[in-house]
Amino acid sequence: MKAERIKVIFNDDSPEPDEGAQQPALDSAAQVRAASEVASALAECGFDASVTALKTSRRDSLYDLVHELRDGAEYMVFNLCEAAFGKSSLEMHIAALLELYGIRFTGSAALTLGLSLNKGLTKDILSRRDIMTPEYSVMNEPPARLKRGLKFPLIVKPLREDASIGIDAGAVVTNMKELKKRVEFIIAQFHQPAIVEEYIDGREFNIAVIGNGKEARALPPSEIDFVDFPADKPRICCYEAKWVLDSPLYKKTKPVCPANVPEALRDELQSVAVKAYEAMGCRDYARVDTRLGEDGNIKVLEVNPNPDISSGAGFARAGAAVGLTYPLLVSEIVRVAQARYVETYPPAKEKWRAPQPA
């Protein structure tokens, strides 16, 4: 039997993004390694896997990608694109392109990717579904007073960024003067509104979820252990702590998986994660970030429908905690995506083929 063809696509961000890009360039080599890891893992499990990059530095690379993908009825795409042309706001458009061409792909649909990138809309949806999230307010300008329900300390973030972009020690504010200054900074630096939310100084858990419908299941929760964190720094996983490998803050934020929690708390974390996953319309796999407040309530911070799944990332650690080797984890993502397409779109008598670019 012929092996299923899988094309792994990813955004290869150059050191100098296009003019107007709002996302700092991440390690391009790391992005290449992650895509290669996924392809190698799939090959180990019997798939015919290859890698294709969307080059940030070349606008015509989009046409190259379309040219390569236009006959997508013959394979499935493993979508690792977290941005396009240096802008995380364009992440959803890559998925939309695949949808328009009728190409099967892993992960969430364009709508979910777009909604989840907007932290305000995410919280609106979670709140309407009775899923607890920190109190929040979206601000287009520095406030004259606090919205009802908000109280210091607060954390201020860009409304539409991910990967902890725009979050550093100054993100947590304790008075109106600091709040106004930080909101002004976010608007000026990132050219978008700020989201201001209740800062929960509690335990932070990340929960990986995999599967669809009744088969969706949460993997063991992972906890961020803030080891000997500086007393003058807020206990947050900021951009520096997440990405700058030689930073003292990076070395003081240690993931612990499975988290050392009572069985009842583990079950509750997993239940909340699956509810948030379903509320945002996630597919195949995603990660849900939460904090446990002093009141004992679990509050969802964010839902990431396109999380890092490289072998050293939290999703892979969660898989290993239930006996899934990295190749098995990656192939399981493909399996649940394949099953979803079979259930949603039964094989047609004739395959629609997109018109070829001139």
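Taking the stated definitions as given, is Lys252 surrounded by 16 or more Cβ atoms within 10 Å (Cβ to Cβ), modelled with pLDDT under 95, outside the structural domain of Asp162 (by TED's automatic domain parsing) and out of contact with any helix residue (DSSP H, G or I) (no Cβ under 6 Å at 6 or more places or on another chain)? Taking the combined requirement at face value, the residue satisfies it. Put simply, of Arg217, Arg128 the only residue that is within 30 Å of Asp284 (Cβ to Cβ), at pLDDT 95 or above and over 21 Å from the mean Cα position of the chain (by Cα) is Arg128. Restricting the search to helices (runs of 4 or more DSSP H) fully inside region 100-199 and requiring at least 2 residues that are under 30 Å from Arg340 (Cα atoms) and in contact with a strand residue (DSSP E or B) (Cβ under 9 Å, 6 or more places away or on another chain) gives 110-117, 119-128. Selection of region 95-109 for residues being aliphatic (A, V, I, L, M), in contact with a helix residue (DSSP H, G or I) (Cβ under 8 Å, 6 or more places away or on another chain) and farther than 22 Å from Ser331 by Cα yields Ala96, Leu97. Could you check, for region 14-36, whether at least one of its residues is touching a Ser or Thr at 6+ places or on another chain (Cβ under 7 Å), closer than 20 Å to Glu332 by Cβ and modelled with pLDDT of 90 or more? Yes, region 14-36 contains a residue that is touching a Ser or Thr at 6+ places or on another chain (Cβ under 7 Å), closer than 20 Å to Glu332 by Cβ and modelled with pLDDT of 90 or more. Scanning region 200-218 for residues that are in a helix (DSSP H, G or I) and either closer than 28 Å to Gly170 by Cβ or out of contact with any helix residue (DSSP H, G or I) (no Cβ under 9 Å at 6 or more places or on another chain) (or both) yields one hit, Lys214.
Taking every residue in region 267-284 that is over 17 Å from Ile298 (Cα atoms) and in the same structural domain as Leu219 (by TED's automatic domain parsing) and pairing it with any residue that is among the charged types (D, E, K, R) and surrounded by 24 or more Cβ atoms within 10 Å (Cβ to Cβ), at least 6 positions away or on another chain, yields no pair with a Cβ-Cβ distance below 6 Å. Does region 154-177 include one or more residues that are β-branched (Val, Ile, Thr), closer than 24 Å to Gly314 by Cα and over 19 Å from the mean Cα position of the chain (by Cα)? Yes - at least one qualifying residue is present in region 154-177. Counting only residues that are more than 20 Å from Pro307 (Cβ to Cβ) and crowded, with 21+ Cβ neighbours inside 10 Å, region 158-190 holds 7 of them. Among all positions in region 315-332, there is at least one residue which is at pLDDT 95 or above, buried (at least 18 other Cβ atoms within 10 Å of the Cβ), among the hydroxyl-bearing types (Ser, Thr, Tyr) and out of contact with any Lys or Arg (no Cβ under 9 Å at 6 or more places or on another chain).
The values are calculated or read from the model by the stated rules, or taken from the named source; none is laboratory data. Quick caveat, the model's predicted, so the values are computed rather than measured. Neighbour counts are summed over all protein chains in view; Cβ atoms, including those assigned to glycine, are modelled from backbone coordinates with ideal geometry.
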